[in-house]
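Below is one structure, written out as structure tokens; comments come after it.
What follows draws every value from the coordinates through simple rules; no lab data is involved. This one's a predicted model, so the numbers in the text were calculated from it and none came from an experiment. Virtual Cβ from ideal backbone geometry, glycine too; neighbours counted across all protein chains shown.
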Amino acid sequence: MSSPQPNKKSAPGWLRLRPAKKKAMFTLVVMAAGLGSRFGGTKQLAQVGPNDEAFLDFAIADARAAGASRVVLIVRSDIEADVQRHFEGRGGLPDDLHVAYVRQDAHGPSRPKPWGTAHALLSAAEAVIGPFMVCNADDYYGPTAYAALAQAMPTMADNEAWLCGYRLDHTLPAEGTVTRGVCQIDGDRLVGIVEQEGISRADKAFSEGTIVSMNLWAFSPMFLDMLQEGFGRFLEEHGGSPSAEYLLPHAVASEMEKGALTVRVVTTDETWIGVTNPDDLQIARTALKSR
């Protein structure tokens with residue numbers, strides 16, 4: 001794992017559009033180590049914005065505007081240089097952001113397929129300082145989603161976490177079906193998440209306002225200790241599998257079931273945008289251009 005490297009350049013225009021808060025609040029952890037097998041390329045760097053931004057550009061800009069002073073980018077060894085060149089080609093990251101790169105494949109047993117999103121977060125443990133936010137590199141969450149989580153984080157106890165929940169109808173494609181983590185909520189407390197496959201706009205099983213998880217979280221550093229123990233148990237059961245994944249929602253659910261973690265939910269009216277297949281690119285570009 002490489003050590004954090006301070007940036008030497010001023011903020012390029014795409015980051016200056018959203019001014020950073022003066023007081024540092026949290027670390028942003030961006031999970032960018034996925035293979036993107038259905039997409040057929042480095043989905044993390046796909047140009048989706050009106051100025052050729054990638055999704056992770058929006059994530060960093062929006063989190064910085066919400067108060068992030070540190071960014072940890074979780075990558076694979078084979079794409080780390082590409083990610084660095086991406087930022088260099090856009091004028092570099094601003095010098096008020098401390099940036100660290102972490103190679104997920106350098107942690108844990110070696111295998112071709114990454115060990116999953118919970119393992120990705122665990123691999124970044126040494127680079128994370130203080131409370132932190134976690135997002136996917138290939139999703140657009142919207143600026144008010146980061147702002148809502150950032151506002152909730154100062155009240156977060158060591159054994160608590162926050163999830164940003166989205167209205168189901170703000171996460172569905174115009175056509176086709178998706179899998180969503182449907183949230184069970186009591187007040188502002190998350191009771192459970194149920195993975196539901198085959199949801200479409202024609203599906204009447206869920207109301208449009210049903211809250212779902214899109215993997216945008218806030219955690220305290222204690223959660224990383226929970227992941228360490230959980231990954232040990234995971235390896236005992238699935239260490240010989242070439243495809244089993246230690247997933248963040250499953251790790252959170254496990255700690256909730258044990259009573260070790262309480263998760264609260266803040267909701268957003270943002271419309272989520274993402275890509276799974278190459279055909280989704282133009283849809284995403286059109287949607288982001290309208291923003």
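Site pair S290 and T144 shows an inter-label distance of 1.6 nm when each label is modelled 7 Å from Cα along Cα→Cβ.
Rounded to the nearest 20, the size of the Cβ-charge dipole of the chain about its Cα centre is 880 debye, with Lys and Arg at +1 and Asp and Glu at -1. On a per residue basis, the convex hull of the C-alpha atoms belonging to the stretch 161-291 measures out at 138 Å³.
For the stretch 45-150, GluC sites (Glu not before Pro) meeting the loop criterion (DSSP other than H, G, I, E, B) and having at most 15 other Cβ atoms within 10 Å: none.
Among K258, K43, K113, sorting on how many other beta-carbon atoms sit within 10 Å of each Cβ, with the fewest leading, yields K258, K113, K43.
As a proxy for reagent exposure, ranking R201, R180, R233 by other Cβ atoms within 10 Å from fewest up yields R233, R201, R180. Taking every alpha-carbon pair in the chain and binning the separations at 5 Å intervals from zero gives 1, 5, 12, 17, 20, 19, 15, 9, 3, 0, 0 percent. Just A63, A145, A253 to compare: in a GNM of the chain, with alpha carbon springs under 10 Å, which one fluctuates most? Result: A253 has the largest fluctuation of those listed. The distance linking the stretch 193-256 with the stretch 51-119 is 21 Å (Cα centroid to Cα centroid, whole angstrom). For D186, D95, the sequence from fewest to most other C-beta atoms within 10 Å is D186, D95.
Largest first, the three principal axis extents of the alpha carbons in the stretch 52-125 are 36, 24, 19 Å in whole numbers.
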